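The values are calculated or read from the model by the stated rules, or taken from the named source; none is laboratory data. All values derive from a computational prediction rather than experimental measurement. Here the Cβ positions follow ideal geometry from the backbone for every residue, glycine too, while neighbour counts run over all protein chains shown.
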């Protein structure tokens, strides 16, 4: 079924809103992909979009494309997947489809973005390395864009500290840019993921990079701007973070340095001044990372948790359905789910729907 999502994703002009309208009208991606021009018009597509849609359908062999993607070990993830990143799902118009090399794990819910200029100074390098290392050592996943400068330094520092990191690309995940970061990308795949909402094969065109920044901030609890010029893409990421209701941190810099114009302006606008790495943990309440890992040792701790684990699967289940299936009072279900989410046993995927985590299911089944 995912191959049809891929086909629709290839139609320029069909994003999250139009895809949702197509799914609502047709019921699923396969039926939408095979829809007649009249039905596509009834679903709300313009004449131009219908022409693009039909051309894509005529030009693309989805079976061949699917096999090519699979051969490159690229995973395709959609809204319908239970393990679609919960934090990203919360933003307005989350990307309907993600392509990734690597994987998401439950602990990646605690992630922070580090972004900044490609023309990083020695000061910026030192600060980036210190912050990324600190976050990684404290179990926080570092998110950035694999660009030269701050991005690459942040990824490498997280890896050097034994942590996890995500690189969000403005190209297909098989088109690493810049090319000198190919080895870095391979290392990231082993300890995180290289991610894009652009189809494999998409070149790194300049117009692709600003939109991808919404994913960098969307995956993250907060965004840190180290150094950035007055028109830097890092400021676009910070603006997305604000729109998404996420925290923004800025590292103060020399008022005469062009690389400090961006973060200093953010500070004027109310960003958190980042004076020491521990400020991040305190403001984002990231002490929960270690709490969760300690709490996971008690699985399950009582009969209520055991009953809920027996009921939950990898498919989202609403609290009302959980209550009906278990016969437990809604207050008891809700309080148990809060504790189980802290332990990492279950995950809230939006709309009062929960799934069991893969690691917990494996432990419980064993």
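For (1) more than 19 Å from residue 127 (Cα to Cα); (2) surrounded by fewer than 23 Cβ atoms within 10 Å (Cβ to Cβ); (3) free of Cβ contacts under 8 Å to residues at least 24 places away in the same chain, each residue gets a yes or a no:
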position: 150; (1), (2), (3): no, no, no
position: 175; (1), (2), (3): yes, yes, no
position: 181; (1), (2), (3): yes, yes, no
position: 192; (1), (2), (3): yes, no, no
Item to check | Set 38, 42: member being in contact with a helix residue (DSSP H, G or I) (Cβ under 8 Å, 6 or more places away or on another chain), farther than 22 Å from residue 202 by Cβ and surrounded by fewer than 16 Cβ atoms within 10 Å (Cβ to Cβ) | outcome: 42
Next on the checklist: Within segment 123-145, take every residue that is touching a helix residue (DSSP H, G or I) at 6+ places or on another chain (Cβ under 7 Å) and over 18 Å from residue 222 (Cα atoms) and give me the one that is surrounded by the most Cβ atoms within 10 Å (Cβ to Cβ).
Outcome noted: 124
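Residue-by-condition table, conditions (1) touching a helix residue (DSSP H, G or I) at 6+ places or on another chain (Cβ under 9 Å); (2) outside any loop (DSSP other than H, G, I, E, B):
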| residue | (1), (2) |
| --- | --- |
| 147 | yes, no |
| 158 | yes, yes |
| 162 | yes, no |
| 167 | yes, yes |
| 170 | yes, no |
| 175 | no, no |
| 181 | yes, yes |
| 193 | yes, yes |
| 199 | yes, no |
Checklist entry - Within the bounds of segment 113-120, is there any residue that is touching a strand residue (DSSP E or B) at 6+ places or on another chain (Cβ under 9 Å), closer than 27 Å to residue 346 by Cβ and surrounded by 20 or more Cβ atoms within 10 Å (Cβ to Cβ)? => result yes
Item to check | Any hit, segment 206-218, residues being touching a residue at least 24 places away in the same chain (Cβ under 8 Å) and in a loop (DSSP other than H, G, I, E, B) | outcome: no
Next on the checklist: From the list 124, 170, 163, exactly one residue is touching a residue at least 60 places away in the same chain (Cβ under 8 Å) and either assigned by TED's automatic domain parsing to the domain that holds residue 200 or under 19 Å from the mean Cα position of the chain (by Cα) (or both). Which is it?
Outcome noted: 124
Checklist entry - Just one of the numbered conditions (1) buried (at least 20 other Cβ atoms within 10 Å of the Cβ); (2) without any contact (Cβ under 8 Å) to a residue 24 or more places away in the chain is not true of residue 196; which one? => result (2)
Checklist outcome for this item: Those residues of segment 23-34 that are in contact (Cβ under 8 Å) with a residue 12 or more places away in the chain and surrounded by 14 or more Cβ atoms within 10 Å (Cβ to Cβ) come to a total of 6
Item to check | Selection count, segment 68-100, where residues are under 18 Å from residue 5 (Cβ atoms) and either outside any loop (DSSP other than H, G, I, E, B) or modelled with pLDDT under 90 (or both) | outcome: 19
